Amino acid sequence: MKIALIGYGKMGKTIEQVALKRGHTVNLKIDIDTIDSFTKENLNQCDVAIEFTGPHSAKENILKCLDAGTPVVSGSTGWLENIAEVEGLCKEKNGSFLYASNFSVGVNIFFEVNKKLAQLMKGQNDYDVTLEEIHHTQKKDAPSGTAITLAQQVLHEIPRKTNWVNEASTNAEDLVILSKREDPAPGTHSVKYSSAIDDIEIIHTAHNRQGFAQGAVLAAEFLYGKKGIYNMKDVLKIT
């Protein structure tokens, strides 16, 4: 495949390394210094775009790819209040779009474990549940998109929690997400159920960016030649 990288920071460079090892080429690299190259003509020379930028630019980047008819995989977080607009344009253009809050194969398995544990804890009212996420200091959004996905899964299964908050809270209905920023920290997420008797905790710890990058390239390979809207459950065949 011929790949366009929208966002060429640490993650973009790691994705490039993985893509090249898997036999692909990177025909377009867009960052703040090469923004003039982010054109429809250049996108049309690529089979798929992989977009990893920030919450303030992600939506417009994705819309630009879809408008050009280029399939796009996005892992940017912090912009999902606008995802309906993106999905609407994808359908209008008969395009291809795949979004994931986290492309790591391990994290996507962790999501399934989190859902199952939340189902088991639904009636266990003696347990409170909290989330914690730790990332490097350069991460611009908090909580992480992965933490929000985990929280939404818990809220779906446990009715005594009605909303998530990104701060400590004494309100029993709040699902607390604690965000920490420290270096080096590729990403750690934990979900903890606590009672006076014991604790139950599940944790995923990333050792580096390699898992995210590999998952993004796998997603691009999956999306190539397809039309429609997909996610990592489709890529990994998780039912």
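The values are calculated or read from the model by the stated rules, or taken from the named source; none is laboratory data. Bear in mind the structure is a predicted one, so any value in this text is a computation, not a measurement. All Cβ positions, even for glycine, are placed from backbone atoms using ideal geometry, and neighbour counts span all protein chains on display.
One residue is enough: does segment 110-127 have a residue meeting the conditions within 23 Å of HIS56 (Cβ to Cβ), under 16 Å from the mean Cα position of the chain (by Cα) and outside the structural domain of HIS56 (by TED's automatic domain parsing)? Show your work before the answer.
Let us first name the residues in segment 110-127 that are within 23 Å of HIS56 (Cβ to Cβ), namely none.
No, segment 110-127 has no match at all.
What helices (runs of 4 or more DSSP H), lying completely within segment 50-160, carry at least 1 residues that are modelled with pLDDT under 95?
Working: elements: 58-67, 83-92, 105-121, 145-157.
It comes to 105-121, 145-157.
Just checking, which of GLU173, GLU133 is farther than 30 Å from GLU92 by Cβ, surrounded by 21 or more Cβ atoms within 10 Å (Cβ to Cβ) and not hydrophobic (A, V, I, L, M, F, W, C)?
Details: GLU173 fails: surrounded by 21 or more Cβ atoms within 10 Å (Cβ to Cβ).
The unique qualifying residue is GLU133.
Could you please let me know if ILE62 is in contact with a strand residue (DSSP E or B) (Cβ under 8 Å, 6 or more places away or on another chain) and free of Cβ contacts under 8 Å to residues at least 60 places away in the same chain? If you could, list the steps in order and put the result at the bottom.
Details: in contact with a strand residue (DSSP E or B) (Cβ under 8 Å, 6 or more places away or on another chain): yes; free of Cβ contacts under 8 Å to residues at least 60 places away in the same chain: yes.
It is true that ILE62 is in contact with a strand residue (DSSP E or B) (Cβ under 8 Å, 6 or more places away or on another chain) and free of Cβ contacts under 8 Å to residues at least 60 places away in the same chain.
Given the criteria surrounded by 12 or more Cβ atoms within 10 Å (Cβ to Cβ) and in a helix (DSSP H, G or I), does ALA185 qualify? Break it down into steps so the answer makes sense when it comes.
Values: surrounded by 12 or more Cβ atoms within 10 Å (Cβ to Cβ): yes; in a helix (DSSP H, G or I): no.
It is false that ALA185 is surrounded by 12 or more Cβ atoms within 10 Å (Cβ to Cβ) and in a helix (DSSP H, G or I).
With respect to GLY95, determine if the residue is small (Gly, Ala, Ser), under 13 Å from the mean Cα position of the chain (by Cα) and assigned by TED's automatic domain parsing to the domain that holds LYS64. Reasoning before the result, please.
Values: small (Gly, Ala, Ser): yes; under 13 Å from the mean Cα position of the chain (by Cα): no; assigned by TED's automatic domain parsing to the domain that holds LYS64: yes.
No.
Tell me whether segment 80-89 contains one or more residues that are touching a helix residue (DSSP H, G or I) at 6+ places or on another chain (Cβ under 7 Å), under 15 Å from TYR8 (Cβ atoms) and crowded, with 19+ Cβ neighbours inside 10 Å.
Within segment 80-89, none of the residues are touching a helix residue (DSSP H, G or I) at 6+ places or on another chain (Cβ under 7 Å), under 15 Å from TYR8 (Cβ atoms) and crowded, with 19+ Cβ neighbours inside 10 Å.
Filter segment 96-130 for residues that are surrounded by 20 or more Cβ atoms within 10 Å (Cβ to Cβ) and touching an Asp or Glu at 6+ places or on another chain (Cβ under 8 Å); which is farthest from SER190 (Cα to Cα)?
In this case the residue turns out to be PHE97.
Given the criteria within 21 Å of ALA185 (Cβ to Cβ) and surrounded by 14 or more Cβ atoms within 10 Å (Cβ to Cβ), does LYS139 qualify?
Working: within 21 Å of ALA185 (Cβ to Cβ): yes; surrounded by 14 or more Cβ atoms within 10 Å (Cβ to Cβ): yes.
When the stated conditions are applied, LYS139 passes them.
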